[in-house]
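Okay, structure first, notes after.
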Amino acid sequence: MRSKKIFLASPHMMGKELDYVKEAFETNWVAPLGPFVNKLEDLFKEYMGVDGACALASGTAALHLAMKLAGVKKGDYVFCSDLTFSASCNPIIYEGATPVFIDSEPGSYNMSPVALEKAFLKYTPKAVVIVSLYGMPATMDKLVEICKKHNVPVIEDSAESLGSTYKGQKLGTFGEYNVISFNGNKIITTSGGGMLLTKRAEDAKKALFWATQSREPERHYEHKEIGYNYRLSNVCAAIGCGQFEHLDELIKIKQDIFNRYVEGFKDIPEIEMLKEDNDRVSTHWLSIMRLNNSKVKPLEIIEELEKNNIESRPIWKPMHMQPIFKEYPFFNHNESGLSVGEELFQNGLCLPSDTNMTKEEQEEVIGVIKSLF
Ligand SMILES: Cc1ncc(COP(=O)(O)O)c(C=O)c1O
């Protein structure tokens, strides 16, 4: 077994991160506010071309505040992608609302416009959470159009998809409220953190107010609303500012990793790599493999890689299959039988996509997998 572990996706410090952290210390801005927090927000406003940005302690916090901005309250319904990480829908429950899960479409494996239309026939939601998984853009134009038709705001969960585009438009700009994660495994990290991006500057301002304990502008501590301690630390934002300078480089490394997998598995008909079509540019934050009529199952691959000290991971387990969420409504893309998300959960796999991985290490990963076929 190799002694150095190959990770799925680990932090990759690229340049000035430590210099900026030192600067935060030297200027004693070791607080949940400061110049690097402001700078990171400005960088994102410029990059995304939006008016509002609020740097927060996590992507989950950003989703929670997006929920509040959308006015989600007890008794409301909120539609949400079914195939995702639980952080996409937990904030629906925080606000006492009911999630309604929408299946994926074949192809992008993100929210199915067909299933979304079915759900609108039965429910009127307060908001729709559209997730773009693994760097792969959802079919944003169709999904946004359906939501517009029903006059329902979109919350874009692009936690995993910073840098991807759909028909030339950056993910994180399609929704009324948009979420990016800087968790340690994401394409750029602040160790932990997130960003809420809004079309209107006043929405980001309101989010900042809630994120800093809803303190009214008085000399004493005056509170008219429930608040949260959700602000990003200036030390973490310093890491983020250093990482942001290398975003394009990191995207390129992720895409090269994906292309090497495509090349490596091209002679194995049972292996299908999750590719984008002409409308989508994916960062391939994680390279996704799907097994087609294969005797080899994803778990065997995971276990074989594990024996070789290589990390891989199953696809997200759909939310409607989770014990905690199984009572909530779910809309299948298909007429009957297995949903698209369930099928991918059974046959898909997240391959090591660590930007720290060398080409030789990746060849080893490919070799271990190929040995099973
Ligand atoms: C799809 C998705 N949504 C939301 C989140 C939550 O982000 P965070 O971990 O920064 O809270 C994550 C990942 O971590 C995610 O993968």
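The values are calculated or read from the model by the stated rules, or taken from the named source; none is laboratory data. Bear in mind the structure is a predicted one, so any value in this text is a computation, not a measurement. Here Cβ is always computed from backbone atoms with ideal geometry, including for glycine, and neighbour counts include all displayed protein chains. Quick note on the areas: whole protein, heavy atoms, side chains included, nothing else; ligands and nucleic acids left out. Shrake-Rupley method; radii C 1.70, N 1.55, O 1.52, S 1.80 Å.
When Leu56, Leu40 are screened for being within 22 Å of Val129 (Cβ to Cβ) and open to solvent by less than 40 Å² (accessible area, probe 1.4 Å), only Leu56 passes. Considering only residues that are in a loop (DSSP other than H, G, I, E, B) and either in contact with a helix residue (DSSP H, G or I) (Cβ under 9 Å, 6 or more places away or on another chain) or within 12 Å of Thr173 (Cα to Cα) (or both), look in the range 139-156 and name the one that is most open to solvent (accessible area, probe 1.4 Å). This residue is His150. For the range 55-95, the set of residues classified as more than 14 Å from the ligand (Cβ to nearest atom) and not aliphatic (A, V, I, L, M) consists of Lys68, Gly71, Lys73, Lys74, Gly75, Asp76, Tyr77, Phe79, Glu95, listed by residue number.
The residue that is nearest to Glu160 (Cα to Cα), counting only those in the range 57-86 that are out of contact with any Leu (no Cβ under 7 Å at 6 or more places or on another chain) and aliphatic (A, V, I, L, M), is Leu63. Is there a residue in the range 88-103 that is open to solvent by 10 Å² or more (accessible area, probe 1.4 Å) and either modelled with pLDDT under 95 or farther than 27 Å from Phe120 by Cβ (or both)? No, the conditions are met nowhere in the range 88-103. Please tell me if Glu311 is open to solvent by 50 Å² or more (accessible area, probe 1.4 Å), farther than 23 Å from Glu117 by Cα and touching a Ser or Thr at 6+ places or on another chain (Cβ under 6 Å). In short, no. Of all residues in the range 211-223, those satisfying the criterion of being of a type outside the set (Val, Ile, Thr) and more than 16 Å from the ligand (Cβ to nearest atom) are Gln213, Ser214, Arg215, Glu216, Pro217, Glu218, Arg219, His220, Tyr221, Glu222, His223. Per the listing Glu327, Glu360, Glu364, the residue uniquely under 13 Å from Gly264 (Cβ atoms) and free of Cβ contacts under 8 Å to residues at least 60 places away in the same chain is Glu360. One residue stands out among those in the range 160-198 that are within 8 Å of the ligand (Cβ to nearest atom), on the phi < 0 side of the Ramachandran plot and not basic (Lys, Arg): the one that is most open to solvent (accessible area, probe 1.4 Å), which is Asn183. In the condition set (1) at negative phi; (2) in a loop (DSSP other than H, G, I, E, B), Leu121 is compliant with all but (2). Among the residues of the range 1-56, those identified as among the acidic types (Asp, Glu) and part of a helix (DSSP H, G or I) are Glu17, Asp19, Glu23, Glu26, Glu41, Asp42, Glu46.
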